[in-house]
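J.: One structure, pasted below without further comment.
The values are calculated or read from the model by the stated rules, or taken from the named source; none is laboratory data. Here the structure is a predicted model, which means the values were calculated and not measured. All Cβ positions, glycine included, derive from the backbone under ideal geometry; neighbour counts span all protein chains shown.
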Amino acid sequence: MSRRPLSPATALGLATAALLALAACSDDAAPADHDDTAVTADATTAPDPADETGTETDEDPDTAPAGAVVAGTGRYAIGTDLPYGGYQLHGEPAEQPAGCTWSIEDADGEVQFDDQGSYAFLTDVPEFVTFVTDGCPDWEQFE
């Protein structure tokens, strides 16, 4: 008995049948009576970014993205008002500008560090509670 080659129409029919069979087996296939708009009791959905106001955040200061900018005059709670990280004076001056003062205070208002150049490192150390800056250019978070 000799084999005859498949006609193009037969080959196309077999390929189509195979694709339909594979598509029916995939996880993405939905039954014909499936309603995409139905919500089940255990369904979860992500919040719509368009509903976000941008004024509240649940971000952990340890993982907040770098790039925070802080006014050169003010008092800031470390880890609350400011994310932890390294800060530098805007423009990266080689030394602390004249008239610019800064300090890191403990819970009692005692200065732990002060006026040590154009960089400040705000870390998760219990004694480091408040960052105080006066007469400085803006501070920029770099890490």
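J.: Is it true that Pro61 is of a type outside the set (Gly, Ala, Ser) and at pLDDT below 90?
T.: Yes; evaluated as a whole, the condition is true for this residue.
J.: With respect to Glu56, determine if the residue is charged (D, E, K, R), out of contact with any His (no Cβ under 7 Å at 6 or more places or on another chain), at pLDDT below 85 and part of a loop (DSSP other than H, G, I, E, B).
T.: yes
J.: Going by what's in this entry, would Glu105 be described as surrounded by 14 or more Cβ atoms within 10 Å (Cβ to Cβ), among the charged types (D, E, K, R) and at pLDDT 85 or above?
T.: yes
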